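Single-structure report; data block below.
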Amino acid sequence: MKKSKKYVEAAKKVDKTKLYDKSEAIKLVKETSITAFDASVELALRLNLDPKKADQQLRGAVVLPHGTGKVQRVLVLAKGAQAEAAKTAGADYVGDADMLEKIEKENWFEFDTMIATPDMMPALGKLGRVLGPKGLMPNPKTGTVTMDVKQAVEDVKKGRVEYRTDSYGNVHVPIGKVSFDDQKLVENLTAFLNLIVKTKPSVVKGTYIKNISVSSTMGPGVKIDVNSFDF
C-alpha cells in the first residue's frame with residue numbers, strides 16, 4: 001500500500017532503530033500526527049503471552065486518569081430501579097426487550113458501549129452473533145455485566161478503556177488525543193502499563209513486555225524503551 005506524502009514526511013522524523021524515552025515518544029507522536037482532525041493516540045503492546053492457553057489471556061477494563069477524549073454513547077439494558085439509576089448516571093439509552101428488538105429488527109447500533117444487568121443476559125444471548133464481532137457484547141470481566149449500573153455508566157463516561165490480548169499476544173488501546181497535554185498522555189500511558197504489569201499471568205517466564213509503541217491515527221509508530229518506566 002502506497003503511503004501518503006504526509007506520512008512519508010512524518011515518518012522521516014522517527015528513528016526506527018531507536019527506543020525512545022516515554023516523554024520523548026509522546027512528543028514525537030504529537031509532532032507526526034498527519035490528520036486534519038484531533039487524532040487519537042494509540043498504544044500497542046507486544047507481550048510474551050500464548051493466548052491459546054486460557055491462563056495467558058488478558059481481558060479487562062480500566063478508567064484512565066485523564067480519560068480518552070472520546071465521547072462514549074452508552075446503552076443500558078436494565079429494569080426498574082437499575083434502569084432509573086442508569087438514567088440518573090447519564091446513560092444515553094436505557095431499555096430492555098424494546099432495545100433488543102430495535103437492534104435485531106432495525107440493525108440499530110447508535111451506541112459505543114452496552115451495559116447490562118445479569119438478568120438481561122439470557123435475552124441478550126440470541127444477539128451474540130451480531131454483538132460479538134462488533135465487540136459490543138457485555139462481559140463481567142470488563143465490568144459491563146453488573147448490578148451497579150450507576151458506577152459502570154460513570155466509568156465509561158470518564159474514559160474507561162477495555163483491553164484484551166489478540167491471537168498474537170498483542171494489546172491495542174487508545175490513551176488519549178493529540179490535543180492532550182504531553183504530561184496527561186504520559187500519565188495515561190504509565191497507568192495502563194502499570195495495570196498490565198500488575199495483571200501479568202504467574203506462568204509467564206522471561207521478558208513479559210517485548211515491545212511498546214505509540215502512534216497517532218494514521219501516523220507512524222514510535223517505539224518506547226521499557227526502561228523509561230519504573231516497574
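The values are calculated or read from the model by the stated rules, or taken from the named source; none is laboratory data. Just so we're clear, the structure is a prediction, and the values are computed from it rather than from any experiment. Every residue, glycine as well, gets a Cβ built from its backbone with ideal geometry; the counts of neighbours run over all protein chains shown. Side chains are part of the model used for accessible areas, which takes the heavy atoms of the whole protein and leaves out ligands, DNA and RNA. Shrake-Rupley method; radii C 1.70, N 1.55, O 1.52, S 1.80 Å.
The residues in the range 105-114 that are out of contact with any Lys or Arg (no Cβ under 8 Å at 6 or more places or on another chain) and open to solvent by 20 Å² or more (accessible area, probe 1.4 Å) can be counted, and the count is 3. The set of residues in the range 21-61 being in contact with a strand residue (DSSP E or B) (Cβ under 6 Å, 6 or more places away or on another chain) and either part of a loop (DSSP other than H, G, I, E, B) or open to solvent by 10 Å² or more (accessible area, probe 1.4 Å) (or both) consists of Lys22, Leu28, Ser33, Asp38, Ala39, Ser40, Glu42, Ala44, Arg46, Asn48, Arg59, Ala61. The set of residues in the range 123-142 that are open to solvent by 30 Å² or more (accessible area, probe 1.4 Å) and either in contact with a Gly (Cβ under 9 Å, 6 or more places away or on another chain) or modelled with pLDDT of 95 or more (or both) comprises Met137, Lys141. A count restricted to the range 180-227 and to residues that are under 16 Å from the mean Cα position of the chain (by Cα) and part of a strand (DSSP E or B) stands at 5. One residue alone among Asp230, Asp155, Asp119 is charged (D, E, K, R), open to solvent by 80 Å² or more (accessible area, probe 1.4 Å), out of contact with any Pro (no Cβ under 9 Å at 6 or more places or on another chain) and assigned to a helix (DSSP H, G or I), and that residue is Asp119.
With the structure loaded, tell me whether Pro174 is part of a strand (DSSP E or B), of a type outside the set (D, E, K, R), touching an Asp or Glu at 6+ places or on another chain (Cβ under 8 Å) and farther than 18 Å from Ala85 by Cβ or whether it fails that test. Yes; evaluated as a whole, the condition is true for this residue.
When you scan the range 168-175, do you find a residue that is open to solvent by 60 Å² or more (accessible area, probe 1.4 Å) and either over 16 Å from the mean Cα position of the chain (by Cα) or charged (D, E, K, R) (or both), even just one?
Quick first cut of the range 168-175, residues open to solvent by 60 Å² or more (accessible area, probe 1.4 Å) only: 168, 172.
When the remaining residues are screened for being either over 16 Å from the mean Cα position of the chain (by Cα) or charged (D, E, K, R) (or both), the result is 168.
Within the range 168-175, one or more residues are open to solvent by 60 Å² or more (accessible area, probe 1.4 Å) and either over 16 Å from the mean Cα position of the chain (by Cα) or charged (D, E, K, R) (or both).
In this structure, Leu77 does satisfy being among the hydrophobic types (A, V, I, L, M, F, W, C) and touching a Ser or Thr at 6+ places or on another chain (Cβ under 9 Å). Here Ser215 fits the description: touching a residue at least 60 places away in the same chain (Cβ under 8 Å) and within 24 Å of Thr17 (Cβ to Cβ). Within the range 5-20, the set of residues being surrounded by 11 or more Cβ atoms within 10 Å (Cβ to Cβ) and assigned to a loop (DSSP other than H, G, I, E, B) comprises Lys13, Val14, Asp15, Lys18, Leu19.
The single residue among Thr17, Thr88, Thr68 that is among the hydroxyl-bearing types (Ser, Thr, Tyr) and more than 24 Å from Met114 (Cα to Cα) turns out to be Thr17. Can you tell me which residues in the range 181-209 are touching a helix residue (DSSP H, G or I) at 6+ places or on another chain (Cβ under 9 Å), open to solvent by 40 Å² or more (accessible area, probe 1.4 Å) and either under 18 Å from Thr165 (Cβ atoms) or without any contact (Cβ under 8 Å) to a residue 40 or more places away in the chain (or both)? Gln183, Ser202, Val203, Thr207 - these are the residues of the range 181-209 that are touching a helix residue (DSSP H, G or I) at 6+ places or on another chain (Cβ under 9 Å), open to solvent by 40 Å² or more (accessible area, probe 1.4 Å) and either under 18 Å from Thr165 (Cβ atoms) or without any contact (Cβ under 8 Å) to a residue 40 or more places away in the chain (or both).
Taking the range 210-227 on its own, how many of its residues are open to solvent by less than 50 Å² (accessible area, probe 1.4 Å) and closer than 24 Å to Lys3 by Cβ? Lay out the reasoning, then the answer.
Filtering the range 210-227 for residues open to solvent by less than 50 Å² (accessible area, probe 1.4 Å) gives 211-217, 219-222, 224-226.
In the following step, the residues that additionally are closer than 24 Å to Lys3 by Cβ were identified as 211-217, 219-222, 224.
So the answer is 12.
Taking each residue of the range 78-94 that is open to solvent by less than 40 Å² (accessible area, probe 1.4 Å) and looking for partners that are assigned to a helix (DSSP H, G or I) and of a type in the set (Gly, Ala, Ser) with beta-carbon atoms closer than 8 Å, six or more apart or interchain, yields Ala78/Ala85; Ala78/Ala86; Val94/Ala83; Val94/Ala86.
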